[in-house]
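Please read the structure below before turning to the comments.
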């Protein structure tokens, strides 16, 4: 099986033109099959403020009402997605930008939570692996926006970290998948404010201990839960680290590696 890198790029990098441009140069230089999944950054929030559409967040997740859905679709699947694709083309990396509705690539359903109405937030049901394989095998890199659909005409806003995990899981039967969460921090840190406290490797026992001692920044726990779920579903390796160190993350010289044992 050939290698496939599924790379998630965090919103903080998308907000910084220079960092994004540098990251995309590095991503374009990665040899082999690759998929890039991006979040939305602050642009959607900024646009919502300009249009006087109030934004509500619960535990770091956006409540997506009908008006907010229009904005995130325009920003994520429109401007951000196509800007990334254009920059990759400029770096001689042939890429195609997709939302979940395109080619029925990500099927989802509206989140059903017992107490919170997340609005038009989607949870993933299925990934169209045959479509992705046909694109990847033509040496075209896929750039995915975190907008999905329910096959009944409804678009849904879906967490990009989760999409990265679901795509990596689904493709792990066809490729040797490495899942890379790249963002503004150097990895999983013992001290959230000190970039030099990177934990180089975390296995399940170590994770439980760090959690029980409350040594992991709360915002990192969903990423780590996703990482272990991916390993349990057949993904070969999960790496969390700094977007500016992409090539070192891939070779294991930087970041935090999430491992089985």
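Does residue 227 satisfy being under 20 Å from the mean Cα position of the chain (by Cα), in a helix (DSSP H, G or I) and at pLDDT below 95?
yes
Given the criteria part of a loop (DSSP other than H, G, I, E, B), touching a residue at least 40 places away in the same chain (Cβ under 8 Å), surrounded by 21 or more Cβ atoms within 10 Å (Cβ to Cβ) and out of contact with any strand residue (DSSP E or B) (no Cβ under 7 Å at 6 or more places or on another chain), does residue 40 qualify? Break it down into steps so the answer makes sense when it comes.
Numbers: part of a loop (DSSP other than H, G, I, E, B): yes; touching a residue at least 40 places away in the same chain (Cβ under 8 Å): yes; surrounded by 21 or more Cβ atoms within 10 Å (Cβ to Cβ): yes; out of contact with any strand residue (DSSP E or B) (no Cβ under 7 Å at 6 or more places or on another chain): yes.
Considered against the rule, which asks whether it is part of a loop (DSSP other than H, G, I, E, B), touching a residue at least 40 places away in the same chain (Cβ under 8 Å), surrounded by 21 or more Cβ atoms within 10 Å (Cβ to Cβ) and out of contact with any strand residue (DSSP E or B) (no Cβ under 7 Å at 6 or more places or on another chain), residue 40 comes out as yes.
On the given criteria, is residue 203 out of contact with any helix residue (DSSP H, G or I) (no Cβ under 7 Å at 6 or more places or on another chain), touching a residue at least 12 places away in the same chain (Cβ under 8 Å) and surrounded by fewer than 20 Cβ atoms within 10 Å (Cβ to Cβ)?
Taking the combined requirement at face value, the residue satisfies it.
Output the residues belonging to region 246-261 that are at negative phi and crowded, with 19+ Cβ neighbours inside 10 Å.
246, 249, 250, 254, 256, 257, 258
Taking region 1-34 as the region of interest, how many residues are closer than 16 Å to residue 87 by Cβ and in a strand (DSSP E or B)?
The number of residues fulfilling the criteria is 3.
Which count do you get for residues in region 23-82 that are at pLDDT 95 or above and within 15 Å of the chain's Cα centre (by Cα)?
Residues flagged as at pLDDT 95 or above and within 15 Å of the chain's Cα centre (by Cα) within region 23-82 amount to 12.
How many residues are touching a strand residue (DSSP E or B) at 6+ places or on another chain (Cβ under 9 Å) and more than 11 Å from residue 241 (Cβ to Cβ) when one looks only at region 200-221?
8
Give the residues of region 157-176 that are closer than 16 Å to residue 124 by Cβ, more than 9 Å from the chain's Cα centre (by Cα) and touching a residue at least 60 places away in the same chain (Cβ under 8 Å), sorted by residue number.
Correct list: 157, 166, 167, 168, 169, 171, 172.
Tell me yes or no: at least one residue of region 95-102 is without any contact (Cβ under 8 Å) to a residue 24 or more places away in the chain and either within 18 Å of the chain's Cα centre (by Cα) or assigned to a helix (DSSP H, G or I) (or both).
So the first thing to find is which residues in region 95-102 are without any contact (Cβ under 8 Å) to a residue 24 or more places away in the chain, and the list is 102.
Those left that are additionally either within 18 Å of the chain's Cα centre (by Cα) or assigned to a helix (DSSP H, G or I) (or both): 102.
Looking through region 95-102, at least one residue is without any contact (Cβ under 8 Å) to a residue 24 or more places away in the chain and either within 18 Å of the chain's Cα centre (by Cα) or assigned to a helix (DSSP H, G or I) (or both).
Can you tell me which residue in region 230-255 is nearest to residue 200 (Cα to Cα), limited to those that are assigned to a helix (DSSP H, G or I) and out of contact with any strand residue (DSSP E or B) (no Cβ under 9 Å at 6 or more places or on another chain)?
Looking at the filtered set, the residue picked out is 251.
Being without any contact (Cβ under 8 Å) to a residue 12 or more places away in the chain and either outside any loop (DSSP other than H, G, I, E, B) or more than 29 Å from residue 73 (Cα to Cα) (or both): is that true of residue 211 here?
On the way: without any contact (Cβ under 8 Å) to a residue 12 or more places away in the chain: yes; either outside any loop (DSSP other than H, G, I, E, B) or more than 29 Å from residue 73 (Cα to Cα) (or both): yes.
Answer is yes for this residue.
The values are calculated or read from the model by the stated rules, or taken from the named source; none is laboratory data. Predicted model, so just to flag it, every value in this text is computed and none were measured. Counting neighbours? That spans all protein chains shown, and the Cβs are built from the backbone with ideal geometry, glycine included.
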